[in-house]
1. Could you work out the equivalent-ellipsoid semi-axes for chain B, taking the square root of 5 times each eigenvalue of the Cα gyration tensor, largest first, in whole Å?
2. Based on the Cβ-Cβ distance of residue B:192 and residue B:386, what FRET efficiency does E = 1/(1 + (r/R0)^6) give at R0 = 30 Å, to the nearest 0.05?
3. In whole Hz, with x marking every Gly and Pro, tabulate ³J(HN,Hα) for the stretch A:327-333 from phi via Karplus 6.51 cos²θ - 1.76 cosθ + 1.60, θ = phi - 60°.
4. So which GluC sites (Glu not before Pro) in the stretch B:208-257 end up in coil per DSSP with only 14 or fewer other C-beta atoms within 10 Å?
5. Determine which aspartates and glutamates satisfy two conditions relative to residue A:219: a Cα distance under 12 Å, and not lying fewer than 8 residues away in the same chain.
6. Which residues in the stretch B:220-250 have a backbone N closer than 15 Å to a point placed 7 Å from the Cα of residue A:39 along the Cα-to-Cβ line?
7. What is the helix-to-structure angle for A:485-495, meaning the angle in degrees between its Cα long axis and the longest Cα principal axis of chain A, kept from 0 to 90 and rounded to the nearest 10?
8. Give the calculated FRET efficiency between residue A:350 and residue A:184 to the nearest 0.05, with a Förster radius of 30 Å applied to their Cβ-Cβ distance.
Number of protein chains: 2
Amino acid sequence: MSASPYKQLEQEFKRLHAFRGALSLLRWDAAVMMPRGSADVRGEQLAALETEYHALLTAPKITRLLDRAQANTQGLADWQVANLREMRRQRDHAIATPVALVARLAKAASRAEARWLEARAQGKFESFAPHLEEVVHLVRDKAALLGQALNLAPYDALVDEFSPGITTADIDAMFKALSRRLPSLIREAIAVQEGRPPLPLAGKFPAGKQRALTLEVMKAVGFPFDRGRLDESEQPFTEGVPGDIRVTTRFVPEDVFSGLLGALHETGHAMYDLGLPQDWRDQPVGRDRGMALGESQSLLIEMMVCRSRPFVRYLQPLLVRHFGVSGPEWDVENLYAHLIRVQRGAIRVDADELTYPLHIMLRYELEKQLLSGELAVRDLSEAWNAGMESRLGIRPANDLEGCLQDIHWAVGSFGYFPSYALGAVIAAQLYESLRVEVTALDEQLARGEFAGLFGWLRTQVHGLGAKVPVQELLKGATGKPLSATSFIRYVEAKYLESATSVAAA
Amino acid sequence: MSASPYKQLEQEFKRLHAFRGALSLLRWDAAVMMPRGSADVRGEQLAALETEYHALLTAPKITRLLDRAQANTQGLADWQVANLREMRRQRDHAIATPVALVARLAKAASRAEARWLEARAQGKFESFAPHLEEVVHLVRDKAALLGQALNLAPYDALVDEFSPGITTADIDAMFKALSRRLPSLIREAIAVQEGRPPLPLAGKFPAGKQRALTLEVMKAVGFPFDRGRLDESEQPFTEGVPGDIRVTTRFVPEDVFSGLLGALHETGHAMYDLGLPQDWRDQPVGRDRGMALGESQSLLIEMMVCRSRPFVRYLQPLLVRHFGVSGPEWDVENLYAHLIRVQRGAIRVDADELTYPLHIMLRYELEKQLLSGELAVRDLSEAWNAGMESRLGIRPANDLEGCLQDIHWAVGSFGYFPSYALGAVIAAQLYESLRVEVTALDEQLARGEFAGLFGWLRTQVHGLGAKVPVQELLKGATGKPLSATSFIRYVEAKYLESATSVAAA
């Protein structure tokens, strides 16, 4: 007797999982190890494997097996039914965009990325605009096809690729709540902080010592170095699969925190991957539940756990030991003040928790307008600068500080930006419930103990993989649907803390 | 009009080349970067890609295209005709062994490798024997099927996988010539060297300094670090593709030479890969011409070029500069004496040029006997020890120094060992002609100039890729068919050099 359609599908998707792992390693190597001159060779390897992956996933055999398996799900456990649903989801996404369009988009994106780099070197948007326009046209076609296939509005179909189950309505509601409170809160927070500016942390912090510190903290957090690595790259990122996870960061000798926090942000991603359900690791249902939830895990660790007073109490003696520093500027309160500094700036990746969502709102509105045709690509630079001025009161000095700062649109990633803001909001909602249920959390963090934290996250988030939609997961973990309320409560408490309560803490 | 069958084949094999490159990177990473606990994950990735590679190569489409292209080769250039021949060769080798047998052999080899490691830890052959026996049985089946498909004797079919165009008759003739001269030559060389023993090179040579020296020498040799890397691993090896070549070595702090020479041996391999015909890099005809020729290139660099007086003249000031050493033991003559030291020993990988072929002869005879059934696996240990005694006058103290020292048979590599000896013989034959035609070679090497050396090798060897059989390549480059005569002349001159000529040199 041959295996059931469902069991045959598990075999097929196990193979696809192995392909994904290989592709991930090829990308990691390209960013971390590969000699500079080998990009063309690597490009061909990635294209060959991606093409084959797409062909295997969209093969008629898979469709036939899915139809047969879904026609009769009796006898399947709930994880298996969810797995079938995720298999279908992956196949539907892959088949909706014709191979020719995928290839045209990949080529246009590759050209646009090169021109984006050139335009950045010159600081001028104009030379990049026609290439971005080509990408926008192709993404528009893709969004229309994807929307038809998934029965979603075009932009929602793009969002669904990155953050399944999240719609424009969810995003709009979130941004409405945030834009009601954040602008005034930013003013108030800056006023509070100006009253007690931190002492500067001057000095040189050699990369080797920063690395030793980072490794020690990551070990304490629970990163398994027998199944993962920390390396350095231009931008921090996480690649790999749960059995072999690769995290990177970038150490800046003048900055004692940025390399460590970059690594901890990525460790948040990695811990999510590592906590995915062991039994389903090579199946679609065993994957993460998309970018928004993924970003919630990295932000929860970096922003909420590590930029907190209890964590700084744990970290402070390590800074003293690793860098041999001393003096009042290395006191817990002064270090903490550095970690929660609020400043209006032009650059998204340098932004703090309070101003960050405003950067995302701008991008969200602009990318929807670009795709709908409401905004012409040639007018993007001006629209960007005007948007920054009205939202943050800052006018970028040039396009480098403006619409040339992010790579996302150049490489065709539209619908991706909202996941950053969604991630922050989801993180705050989870963290609020987590703090209620893990009562001794602050004491544990101050001792460098993370088992309570991750115990809760594994049960409520990581261990569910892709079994349920994000909204359902959030309701299970917090009792509430997605809402910005917890985030606003969290930032109000953190950034409007009065001087009295500080002294008492 | 659709592309011609030949052009379609080029596209198919371009894709296969990209798969090979990806597989090579996965193996490199596993040996150099991968966390220890990730072997299972990597194993699944390798298996998935290898299976797919095999499926693509043996697909009916390829066979149909090959039949159509080979039915009418009019209008094809000679490189294209040779490319077709190599495509067919790859497909014939791949299709001759049924997938089920390939999978059984892979599993048995994987088990045997694990048991080989255990047996080494205990120093006992017995526990490994049944697992080796399983591998031998499966390799015997494979050799029979491969032999039928390729119209070769079973063992010749195995040799053909590694060293195409080389037969048992070639190997027998070579070993006959070598065994007539080497035993007495070893005695004479040892007697000469005992008359003037070198001063010891004591000291600690930190890995970091050895690495800096090795990088400097590799740069001088011409290794392109913008398209390649040097790393460290348990055993030196070369992986990658010509546009992204990865070389490794192992630095031993007590040994000033082994890490450098390991890297230079692998650089010889890499320079061969890098010299392959640029226009055919992603096609079968653009690949190397097998293991024997490959090993000739690494041995030519390590043994003939780098273990020579002119090279030591170039190297000596670098040793002084990198390690701050001084004294008579660091003179050119003393260093050279270390590099050409002849010693009878039990371990193949530690053997010098003179005793090395005797180690290979033993393995060649034993593996043929194992496959034919003439020798039972349970009697291997005794046969090995007896063979060592009769050939080298050395009886291994235990199986660790005996039949457990090499991994090759455990992982199913039979027919591979002869390529090491063939490589040495081919290298000597090429080097003899090279020295006649590049008249200023010694002066160039003493100045650290390698352009003359590689200019000749590129024209006569590297640039031909897999266009012609090894024998034809050798005739073109040296005017003579494969023969051990040059090797014997070379080792006689090098190892029986009289004290007078040393003084004059």
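1. Each semi-axis is the square root of five times an eigenvalue, giving 36, 28, 23 Å.
2. It comes to 0.55.
3. x, x, 5, 9, 6, 3, 4
4. B:234, B:254
5. Partners within reach: A:449.
6. B:226-227
7. Helix A:485-495 and the main axis of chain A meet at about 30 degrees.
8. Efficiency for this residue pair is about 0.85.
Just so you know, all these numbers are worked out from the coordinates, no wet-lab data involved. Worth saying up front: this structure is predicted, and the values here are computed from it rather than measured. With ideal geometry, Cβ positions are generated from the backbone for all residues, glycine too; neighbour counts draw on all protein chains shown.
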